[in-house]
Structures are given as C-alpha cells and as structure tokens.
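K.L.:
Can you read through this structure? Questions will come right after.
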Amino acid sequence: MFLFIRSPMGSLGNNMRAVRDRLGDEFVAKLDELHLNALRTGLVSRADLQEAYRKARDMDTNSNRLSLLWLLGIIFFILVATPVFYETISFLLGVRCFLPNNNLVLEATRPIIDCAFCKSVSAPLILNNLTREQFSSYAYSSLPIIVKKAVAHWPAQHSLNYSYIKELYNRVPGSLDAVCQFQHFSSDLKTLRDVFKMSPKRADMSEGAPWFVGWSVCQPTVLAELRKLYPRPHFLPVDAEMPNTDFILMGYEQGAVMHLDYIPRLMWQAQLQGNKSWFLSPAPECDHQCQSFFFYVEPGDAVLVDTRIWYHANTIPRGQFSLTIQSEYG
Ligand SMILES: [Fe+2]
C-alpha cells in the first residue's frame with residue numbers, strides 16, 4: 001500500500017516532499033529501499049505506481065473539498081441562518097429583542113471593573129457649597145461627593161412637588177404618553193398615569209401602600225417648564241455635556257434596590273425634598289479590595305456618584321416624601 005510514495009518521476013516530487021516533512025528522512029529512505037526492491041523483482045510496474053499515486057491524490061483533493069464545504073457551511077450559518085433564526089424567534093415571541101435589555105442581562109454581560117476607583121474609599125467626600133473653579137479638581141472624579149446646600153437656592157426647592165408635576169403633565173397635551181423611561185421600582189404604579197390617578201390620601205401616604213417611582217422627562221414642553229425652576233448645577237464645568245432629558249424620582253420609603261446605571265456620563269442628583277439614604281457597594285470582583293458604606297443627603301444637597309461603577313441603593317426615612325432631580329454630565 002505504501003509503495004506509491006516513492007517518486008521516480010518528477011510528477012511525484014511534491015508528494016515525496018510532503019511525506020518527507022511528515023515522516024522524516026529515515027523512514028522515507030526505508031520506503032525507497034522497499035520500493036526499489038519491488039520494482040527490481042517485478043512485483044509492481046511504473047504504471048501501478050502512477051495509478052496508486054493518482055488515487056491518493058484524488059483522495060486528498062476530495063478531503064480538501066469536504067473541509068472547504070464545511071467551512072462555507074459554518075460561515076453560511078453564522079451570516080444567514082443565525083439572523084433568520086433570531087428574527088423568527090423574536091417574531092414568534094412577539095418581542096423586539098430576543099434578549100431583554102434588563103438589568104440581569106446587562107449585569108451578566110458587563111465588563112470586569114478595575115477596582116482602583118474604590119480602594120481606600122469608605123465615605124463620600126463632603127464639600128460645602130463651592131464655586132466652579134473650586135470644584136474643578138473634583139469634577140471628573142469617581143469619588144462619591146456631596147455638595148452641601150448646593151441647590152438650596154433653586155426655586156424648585158419650594159415650588160416643585162407632586163401637585164405641581166401632576167398639574168403640569170395634565171396641562172400639556174400628550175405628555176403622559178411621552179414618558180421615555182418609567183421605573184416603578186417595587187410599587188404597584190406601572191405608569192405615570194397611575195401615579196397621577198392616585199387618591200390624594202395615597203399620594204401623601206396618609207393611607208395605602210408606600211410608593212416610589214422615577215421617570216425620564218423628555219417631553220420638550222414639560223422639560224422646559226420644569227427647567228424654569230432649576231438651572232444646571234452652578235459648580236459643574238461650563239463645558240460639561242448634559243443630556244436633553246432629566247429624571248425625576250419621588251416617593252416614600254423603598255427607593256431603588258442595588259443596581260448599576262448603564263448611562264454614558266457621570267450622574268448628579270439634586271435632593272429637593274426629604275432625606276435620602278444611599279448605600280454604595282463596589283462590584284463583587286472588588287469585594288476583597290474595597291468596602292461598602294452608607295451616607296445620607298438632606299434637602300438642598302447635591303450628590304455626585306459615578307453610578308456606572310458604584311452599585312447603589314436608596315431608601316427614604318419612613319413618613320418622609322423624597323423628591324429628586326437627576327441628570328448627567330460629562
Ligand atoms: Fe441608579
């Protein structure tokens with residue numbers, strides 16, 4: 001069976017070189033010797049050798065073709081069959097995304113965090129109200145910061161409340177249907193309509209279960225009216241980019257549970273009413289290097305936390321109503 005390996009003719013040269021590479025010169029020399037002996041004794045002819053070589057070459061070619069077909073099949077599956085499968089499943093399930101864009105999926109797919117940001121941090125940096133220049137060295141720090149009484153002068157501190165916001169949304173046509181992102185947290189209020197349909201007693205917590213909600217204000221008229229009551233925080237860098245939406249958080253007792261924010265910029269919050277407790281914790285991969293800690297903010301305080309890397313949760317003291325404006329800068 002191995003006699004075809006010898007190459008007395010030039011046409012067998014490539015095969016011979018390949019065999020030499022694979023088997024080594026010594027083994028091939030032995031094959032040559034056997035082959036020459038076979039030719040000398042008339043057991044095989046040159047035609048037999050050529051035929052054996054041709055069959056072996058065809059087997060190699062067929063094998064290569066088979067490998068190429070497999071490769072093309074895999075590429076076809078990835079490029080064509082996978083999207084078709086994805087679209088079909090999405091259609092059958094009646095959802096836009098095969099994988100929901102929720103915190104569980106985001107948490108499972110987030111990159112590992114570099115723990116340098118939380119080493120030696122065990123409390124927020126507390127600053128008294130300060131100028132933009134004084135704040136500039138802290139502006140893009142990942143250190144949690146409270147700026148005391150930074151927003152106490154805002155008109156919103158006195159004018160913004162549940163009734164004002166309800167009246168504003170009811171006054172602007174279509175605004176209740178233009179809420180970009182509504183979070184009901186652990187409350188039973190699933191939409192902003194539900195929030196403003198509450199009885200006055202439920203709204204002020206003189207009866208019923210506690211509620212806490214948050215939503216993105218992206219309806220232009222509503223946003224413009226609200227922004228008449230608050231400016232951008234005076235201490236932020238003048239060239240800091242800010243989004244065209246703000247977030248309102250309000251309610252009682254149970255705030256947000258522990259989570260990361262998947263937002264593009266740093267976060268700031270203006271605490272307008274009530275006290276709010278913050279619980280910050282490093283990512284699990286930083287548990288052995290960093291620590292968790294609590295702090296609280298009071299009405300008039302601004303709080304800045306890089307909520308993209310600090311896990312955070314909030315609670316409101318029992319009986320207090322908390323109202324917060326949140327936005328981003330970067
Ligand atoms: Fe958050």
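K.L.:
Considering the chain as a Gaussian network with a 10 Å cut-off on Cα pairs, which listed residue, L69, L39, L143, attains the greatest mean-square fluctuation?
P.N.:
Its mean-square fluctuation being the largest, the pick is L39.
K.L.:
Could I have the simple spin-label model distance between F293 and Q181, label points 7 Å from Cα toward Cβ, reported in nm to one decimal?
P.N.:
2.7 nm
K.L.:
Another question about this same structure. Can you pick out the pairs among K149/K190; K197/K228; K148/K201 whose Cα atoms lie more than 28 Å from each other?
P.N.:
On the way: K149/K190 33 Å; K197/K228 25 Å; K148/K201 32 Å.
Flagged as over cut-off: K149/K190; K148/K201.
K.L.:
Just to be sure I understand: with springs between alpha-carbon atoms less than 10 Å apart, which residue in A29, A283, A156 has the highest mean-square fluctuation in the Gaussian network model of the chain?
P.N.:
Largest GNM mean-square fluctuation: A29.
K.L.:
Stick to Cα atoms and the Kirkwood definition of Rh, then tell me Rg/Rh for the chain.
P.N.:
1.38
K.L.:
Hey, any idea what the orientation-averaged projected area of the convex hull of the stretch 71-151's Cα atoms comes to, in nm²?
P.N.:
Values: hull surface 43.7 nm².
So the mean shadow area of the Cα hull is 10.9 nm².
K.L.:
Moving on. Counting only the heavy atoms of the protein chains, how much of S136 is accessible to a 1.4 Å probe, in Å² to the nearest 10?
P.N.:
The accessible area comes out at roughly 80 Å².
K.L.:
What helices does the chain hold that run 20 Å or longer along their axis, going by alpha-carbon atoms, with a Kyte-Doolittle average of 1.6 or more, using DSSP H for the helix calls?
P.N.:
none
K.L.:
With labels modelled as points extended 7 Å from the Cα through the Cβ direction, what inter-label distance (nm, one decimal) is found for V172 paired with H259?
P.N.:
2.3 nm
K.L.:
If each residue of separation counts as 0.36 nm, what is the full-extension length gain between A81 and A52 once their alpha-carbon separation is subtracted?
P.N.:
Difference between extended and current length: 6.3 nm.
K.L.:
Assigning unit charges at the beta carbon (Lys, Arg +1; Asp, Glu -1) and nothing else, what dipole magnitude in debye, to the nearest 20, does the chain show about its Cα centre? Don't skip to the end; give the middle numbers.
P.N.:
Details: 31 positive and 31 negative charges, 87 e Å.
So the magnitude is around 420 debye.
K.L.:
Grab the beta carbon distance between I126 and S206, set R0 = 30 Å, and tell me the FRET efficiency rounded to 0.05.
P.N.:
E(calc), rounded to 0.05, equals 0.30.
K.L.:
I would also like to ask the following. Describe numerically, in nm with one decimal, the distance between label points set 7 Å from Cα along Cα→Cβ at S163 and at T109.
P.N.:
4.6 nm
K.L.:
Name the most mobile residue of T61, T307, T109, meaning the one with the largest mean-square fluctuation, in a Gaussian network model of the chain with Cα contacts below 10 Å.
P.N.:
In the Gaussian network model the winner is T61.
K.L.:
Give the residues of the stretch 146-188 whose amide nitrogen is closer than 18 Å to a point set 7 Å from the Cα of T221 in the direction of its Cβ.
P.N.:
164-180
The values are calculated or read from the model by the stated rules, or taken from the named source; none is laboratory data. Model, not experiment: these values are computed from the prediction. Don't worry about glycine lacking a Cβ; one is built from the backbone with ideal geometry, like all the others, and counts go over all protein chains shown. Surface areas here come from the heavy atoms of the whole protein model, side chains and all, with no ligands, DNA or RNA. Shrake-Rupley method; radii C 1.70, N 1.55, O 1.52, S 1.80 Å.
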